[in-house]
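Everything on this sheet refers to the single structure shown next.
The values are calculated or read from the model by the stated rules, or taken from the named source; none is laboratory data. Because the structure is predicted, anything quoted here is derived from the model rather than measured. Counting neighbours? That spans all protein chains shown, and the Cβs are built from the backbone with ideal geometry, glycine included. Calculation scope for accessible area: heavy atoms of the full protein, side chains included, ligands and nucleic acids excluded. Shrake-Rupley method; radii C 1.70, N 1.55, O 1.52, S 1.80 Å.
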Amino acid sequence: MTISTAEIRSAFLDYFAKHGHQKVASSSLVPADDPTLLFTNAGMNQFKDVFLGAEKRAYTRAVSSQRCVRAGGKHNDLENVGYTARHHTFFEMLGNFSFGDYFKKEAIALAWNFLTEELKLPKHKLLVTVYAEDDEAFEIWEKEIGIPKDKIIRIGTSDNFWSMGDTGPCGPCSEIFYDHGEHIWGGPPGTPEEDGDRFIEIWNLVFMQFNRQADGSMEPLPKPSIDTGMGLERISAILQHVHSNYEIDLFQALIKDAASVTGAKDLQDKSLRVVADHIRSCGFLIADGVLPSNEGRGYVLRRIIRRAVRHGYKLGAQDIFFYKLVASLVTQMGAAYPELKTQQASIERVLKAEEEQFARTLERGMQILSDALESLDGKVIPGELVFKLYDTYGFPSDLTNDVAREKGYSIDEQGFEAAMAEQRKRAQAASNFGADYNAQLTSENCSEFTGYDNEAGMAQVLELFNL
Ligand code: ATP
Ligand code: MG
Ligand code: MG
Ligand code: MG
């Protein structure tokens, strides 16, 4: 019997609670009072003001399992989904925090003991990185923990130095990696092969030690703090003796259900991973109040939904399917996140409406794209075409890019941006005359969608788009 993802989450929270940490619930994916952040992307987000000293809490140690989305903004893993073994758009970050309480020594010992004593990971499979100048962390790993020198890698890049912004709290990081074995391609961090997935980063320990001033100088913080983050799905993969996050219990269940609603036969199909990944981010984003739209957070959600729909179609879906996976998501994650269950019906409604709207034009857009690829000279899809697909068929540029990449093409981002800028100018001019040409595309005036192959439905769309 292997340990389940749900059990690992509890084991983490209980371990740190036992060591004096307050259990704090995950915050929303929509950051409170932080317009600079697209989505919550780390456990520390909800503690930002506590780290900055602007807010006091009744505790100085905390532990959480934070829902995170990295599908836009500074951290964007959307393009990695389906390609790496370790990235999701939505994942859970397990983290322990010290607000001016313990520091490096204790943080390292707590992490190491949790991994090797509580979870019983074999020590020889672990290696760590430290910031190049952080001799203190190097010594702790070597002398107190007993890791051989050749498994402590000094890295001088920003990957191992964390900062909250241009000024403010910052400090070196130490990352813990797991070696999944020689049979998998890739090299340890700091080598040219590090992009392979043999050595997978599981836990990042951030030592908040300095306060960077406007002139770039670093003042030591009077009370240094700790922020850590470990991907729940990555540690599950290790404990369930699989390499990819997509092979863990929770994902296998989602993948099976995705196969049954799309009619896919091959459970290894990368598109199934994409669909299984995307139902999590979409379900959780909608539960947290984000709705598909043409800008900001809503546009990111729209892009993820359309991408999932395209992959479902590729898997053989004959009808709208994506919303059907909400039930599966609730089965897998509803116990840990009851809000998913209470909002199930609204999540389904939103996804259904969005898919209906997009499905009408998907097939035709795909046809235009494949025809264009056949007659293309080089390997770059012109910005004008990327724009046309966006404007006429609702293909976000990353979706066109996704299709392009599968076929060995890339897109002309700059040309696309230029065409977008042109359109904004035109829209500006049009709105001066009171015309809102987006109004005709709302879901209210579209009747029920009855399948991808429905001629009448397609005729209606063509009419709507004046084609
Ligand atoms: P990577 O280098 O693998 O992209 P990262 O350094 O960007 O990871 P951090 O910002 O350090 O990740 O986040 C802390 C932890 O959260 C990581 O060590 C990892 O376990 C997990 N994590 C980060 N991004 C993802 C993701 N997209 N999907 C799943 N887990 C993730
Ligand atoms: Mg990353
Ligand atoms: Mg990293
Ligand atoms: Mg990291």
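Taking only protein heavy atoms into account and a 1.4 Å probe, give the accessible area per residue of the chain in Å². Don't skip to the answer; put the middle values down first.
Working: 20920 Å² over 467 residues.
For the chain, the solvent-accessible area averages 45 Å² per residue.
The average projected area of the chain, computed from the convex hull of its Cα atoms over all directions, is 25.0 nm². Annotation: aspartates and glutamates with alpha-carbon distance below 19 angstrom to Lys18 (same-chain offsets under eight excluded): Glu7, Asp101, Glu106, Glu117, Glu118, Asp227.
Kindly provide the GluC sites (Glu not before Pro) of segment 235-343 that DSSP labels as loop, not H, G, I, E or B, and whose Cβ sees at most 15 other Cβ atoms within 10 Å. Mind showing how you got there, number by number?
Values: sites: Glu247, Glu295, Glu339; in loops: Glu295.
Of the GluC sites (Glu not before Pro), the ones in loops of segment 235-343 whose Cβ has at most 15 other Cβ atoms within 10 Å are Glu295.
The angle between the Cα long axis of helix 104-113 and the longest principal axis of the Cα atoms of the chain comes to about 70 degrees, rounded to the nearest 10. About its Cα centre, the dipole of segment 50-206 is roughly 520 debye, where the only charges are +1 on Lys and Arg Cβ and -1 on Asp and Glu Cβ.
Charges only on Cβ, +1 for Lys and Arg, -1 for Asp and Glu: so what's the dipole of the chain about the Cα centre, in debye to the nearest 20?
Working: 49 positive and 68 negative charges, 178 e Å.
Result for the chain is approximately 860 debye, rounded to the nearest 20.
When exposed loop sites are taken as trypsin sites (Lys or Arg not before Pro) in a DSSP loop with at most 15 other Cβ atoms within 10 Å, the longest stretch of the chain clear of them is 121-264.
Per atom type, segment 260-319 shows carbon and sulfur on 46% of its accessible surface, probed at 1.4 Å.
Per the 1.4 Å probe, what fraction of the accessible area of segment 1-86, in percent, lies on carbon and sulfur atoms? Write down the numbers at each step before the final one.
Working: 2070 of 4050 Å².
Using a 1.4 Å probe with all protein chains present, segment 1-86 comes out at 51 percent carbon and sulfur.
Measuring only protein heavy atoms, the 1.4 Å probe finds Trp162 accessible over about 50 Å². Accessible surface ranking for Ser10, Ser236, Ser4, Ser158, 1.4 angstrom probe, highest first: Ser158, Ser10, Ser4, Ser236. In summary, the lysines within cross-link reach of Lys223, defined as a Cα separation below 20 angstrom excluding same-chain residues under 8 places away, comprise Lys48, Lys56, Lys104, Lys105.
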